[in-house]
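The values are calculated or read from the model by the stated rules, or taken from the named source; none is laboratory data. All values reported here derive from a predicted model rather than from experimental measurement. Cβ: placed from backbone, ideal geometry, glycine included. Neighbour counts: every protein chain shown.
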Amino acid sequence: MNQATAHVIIVGSPLIYLRNVTTCVLFRDFIVILTSGVLTGGNHAGRVKDPFTDFSGPQNIGHLFFVLKPNLFVGNSFNKRIKDNIKTIKKLPKIKGVKEILYPGQSKFNRFKSNLKKEINISKAVLKDLEYLQSI
């Protein structure tokens with residue numbers, strides 16, 4: 001993505017208007033480091049071990065989950081506001097080669113809907129095992 005053409009970037013669900021992508025990436029990364037590393041006591045600042053090559057000890061990574069009640073902030077208008085947000089995002093100008101602007105989770109949800117329609121072929125032995133497990 002060209003920094004000069006990127007006017008809007010999504011971090012979570014709110015829109016953050018920034019002058020360039022670099023600023024946004026640094027901001028997003030800092031928030032992830034702050035919440036998942038510093039606040040949880042997990043490794044951060046280059047101390048997280050590579051999960052695929054470094055087995056010398058635990059990674060000591062941290063996770064932090066936020067749970068919010070939207071109605072405490074915006075009353076009962078959250079669903080309307082999020083739909084408006086998605087509509088706004090979808091109408092933004094697309095960079096060359098992009099057919100559709102996707103919101104977070106949309107591609108996985110589309111794949112989920114598509115996969116529900118597909119038939120999955122399994123062997124009789126696997127089917128028998130599944131039926132057994134269901135009966136327990």
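Couple of notes before you dig in:
- Of everything in segment 55-81 that is among the polar types (S, T, N, Q) and out of contact with any Pro (no Cβ under 7 Å at 6 or more places or on another chain), the residue that is surrounded by the fewest Cβ atoms within 10 Å (Cβ to Cβ) is 56.
- Applying the condition of being in a loop (DSSP other than H, G, I, E, B) and touching a helix residue (DSSP H, G or I) at 6+ places or on another chain (Cβ under 9 Å) to segment 47-86 and asking which residue is farthest from residue 35 (Cα to Cα) yields 70.
- For residue 89, the conditions (1) surrounded by 10 or more Cβ atoms within 10 Å (Cβ to Cβ); (2) in a helix (DSSP H, G or I); (3) of a type in the set (A, V, I, L, M); (4) free of Cβ contacts under 8 Å to residues at least 40 places away in the same chain are fulfilled apart from (4).
- Residue selected from segment 93-111 under the condition within 19 Å of residue 83 (Cβ to Cβ) and of a type in the set (Gly, Ala, Ser), by the criterion modelled with the highest pLDDT: 107
- Residue in segment 112-121 that is at pLDDT 85 or above, surrounded by 10 or more Cβ atoms within 10 Å (Cβ to Cβ) and on the phi < 0 side of the Ramachandran plot present: yes
- Taking segment 92-111 as the range and being more than 18 Å from the chain's Cα centre (by Cα) and either part of a helix (DSSP H, G or I) or surrounded by 10 or more Cβ atoms within 10 Å (Cβ to Cβ) (or both) as the test, the residues that pass are 92, 94, 95, 98.
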